[in-house]
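The values are calculated or read from the model by the stated rules, or taken from the named source; none is laboratory data. This one's a predicted model, so the numbers in the text were calculated from it and none came from an experiment. We place every Cβ from the backbone using ideal geometry, glycine too, and count neighbours over all the protein chains shown. Remember, those area values only see protein heavy atoms, side chains included, never the ligands or the DNA or RNA. Shrake-Rupley method; radii C 1.70, N 1.55, O 1.52, S 1.80 Å.
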Amino acid sequence: MGYISEIRKVVGHMPIMVTAAMGIIYDKEKGILFEKRTDNGMWCVPGGAMELGETAEEALRREIREETSLEIQNPRFFKVRENVHMVYPNGDEVYYTDLVYIIEDYSGHLGMDDESSELKWFPIQELPENIMPTQIDYILAAVKEFQ
C-alpha cells in the first residue's frame, strides 16, 4: 500500500479516490474464500488498491498472494462497482472503484498476512453474516452465477 500511504501523508484523512482489484475465489468443493479483517472484524473477499503502474490483473495477483499466499490463474472479469464509499476505523475516507474478478483456478496453500485474522472457505449456501457492506452486492451476484 505504498502509494496510498504516501498520499495519506499529504492529505491526512480527507476523502480520496482509489481503484481496487477484488477477487472472488470460488472452489466447487469448498465455496468462496473469505478473510476476516483485523481493522473492523468483518469478512471480505481478498483484494486491494492498485499501485502506480500496475494493471488491474497485476494488482489482483499481488493482493491475493499477499493476503492468502495463493497464486491465481485465469481470473475472469466479473463487474465494476463504482463509488464505493468507506470510512476506515482510523478515519481515512475513500471512494473506491472496485474491479471485481472471479477466480476458479488457483494453487498453493493458504497463509495470512497481518491484514487478516482468519481465512475461511464458506459454502455458497452458508455465507458469513458479517460481510463488508461494500462487497455484499457483488458477492451475492457471483453466488447466483455459481448455482
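What the table shows:
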{"quantity": "Gyration tensor over alpha-carbon atoms, segment 1-53, equivalent ellipsoid semi-axes in Å", "calculated": "28, 14, 8"}
{"quantity": "FRET efficiency estimate (nearest 0.05) - Cβ-Cβ, Val87 to Asn130, R0 22 angstrom", "calculated": "0.80"}
{"quantity": "Kirkwood Rh, angstrom, the chain [1 / mean 1/r, Cα pairs]", "calculated": "15.5"}
{"quantity": "Accessible-area order (highest first, 1.4 angstrom probe) of the listed residues Val11, Val143", "calculated": "Val11, Val143"}
{"quantity": "Within segment 20-69, GluC sites (Glu not before Pro) in DSSP loop having at most 15 other beta-carbon neighbours inside 10 Å", "calculated": "Glu29, Glu51"}
{"quantity": "Whole-number percent relative contact order across segment 43-110, with pairs defined as alpha carbons under 8 Å at least 6 apart", "calculated": "31"}
{"quantity": "Size-normalised alpha-carbon gyration radius of segment 85-147, reference 2.2 N^0.38 Å", "calculated": "1.32"}
{"quantity": "DSSP-defined beta bridges in the chain - what % are antiparallel, rounded to 5", "calculated": "70"}
{"quantity": "For the chain, with +1 on Lys and Arg beta carbons and -1 on Asp and Glu, the positive-most of Gly31, Ala141, Gly53 along the dipole", "calculated": "Ala141"}
{"quantity": "Low-density loop cleavage sites - trypsin sites (Lys or Arg not before Pro) in segment 11-83, where at most 10 other Cβ are within 10 Å (DSSP)", "calculated": "Lys28"}
{"quantity": "Sequence of Lys9, Lys120 from largest to smallest accessible area, 1.4 Å probe", "calculated": "Lys9, Lys120"}
{"quantity": "Average accessible area per residue (Å²) across segment 1-140 - probe 1.4 Å, nucleic acids and ligands excluded", "calculated": "52"}
{"quantity": "Residues of type lysines that Lys144 reaches as a straight line, Cα spacing below 26 Å, ignoring anything fewer than 8 places off in the same chain", "calculated": "Lys28, Lys30, Lys36, Lys79, Lys120"}
{"quantity": "Square roots of 5 times each gyration tensor eigenvalue, C-alpha, segment 70-117, largest first, Å", "calculated": "26, 19, 5"}
